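One structure below.
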Amino acid sequence: MAPGYTTAYTNLQLTSPDSDYEFDLKAGKVTQDNSTFYLDRADGEYISDDSAAYIPPADSLTLSDCLKGIVTQPASTLPFTTLRAGRSFCGRYPGGQDIAIIRTLTNGSNDGSVKISRTYYRHSA
């Protein structure tokens, strides 16, 4: 593990029943409230405003991969067509250093149910 990081959640599965709900990546829950570090969906892609993201070329993804990828190859969009069931990507907390690794367990949908698994790393100074 990268120095300064601790694991808060490992492979926590979350299901959003429809587009009225978002994934609160920091709290590890599904909510209708606006979270500061979230994953939502619309227009054929996942949305995480103000968060830095990285989509790796392969399905394997570690904390170190995320830390490097977010800085060297940030993703500007998170399209459903790229992030089909079984794909992983990561995001960095807006204005912070916490990292979430997200694995899609179902194909993305604007309106239907979507299921993800997420591992969350907290950074301590």
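State to the nearest 20 debye the size of the charge dipole of the chain about its Cα centre, where the only charges are +1 on K and R beta carbons and -1 on D and E beta carbons.
Values: 11 positive and 14 negative charges, 116 e Å.
Value, rounded to 20: 560 debye.
One chain, two ends: Thr72 and Ala2. Fully extended at 0.36 nm per residue, the span grows by 23.5 nm beyond their Cα-Cα distance. Beyond 27 Å, the tail of the calculated P(r) for the chain holds 8 percent of the Cα pairs. Between Arg87 and Thr104, the built amide H atoms are under 5 Å apart, and every one of these is 5 or more places off in sequence or on another chain.
Over region 1-47, what is the relative contact order in percent, taking alpha-carbon pairs closer than 8 angstrom and at least six residues apart? 26 percent. Under the criterion of Cα pairs below 8 Å and six or more residues apart, the relative contact order for the chain equals 33 percent.
With N denoting the number of residues in region 1-50, provide Rg(C-alpha) divided by 2.2 N^0.38 Å, to two decimal places.
Numbers: Rg = 12.4 Å, N = 50, 2.2 N^0.38 = 9.7 Å.
The value comes to 1.27.
If you bin all the Cα-Cα distances of region 61-103 at 10 Å, starting from zero, the percentages per bin are 26, 59, 15.
Coordinate-derived values only; no laboratory data. Being a predicted model, the structure only gives us computed values, none of them experimental. FYI the Cβ positions are ideal-geometry reconstructions off the backbone, even for glycines, and counts take in every protein chain you see.
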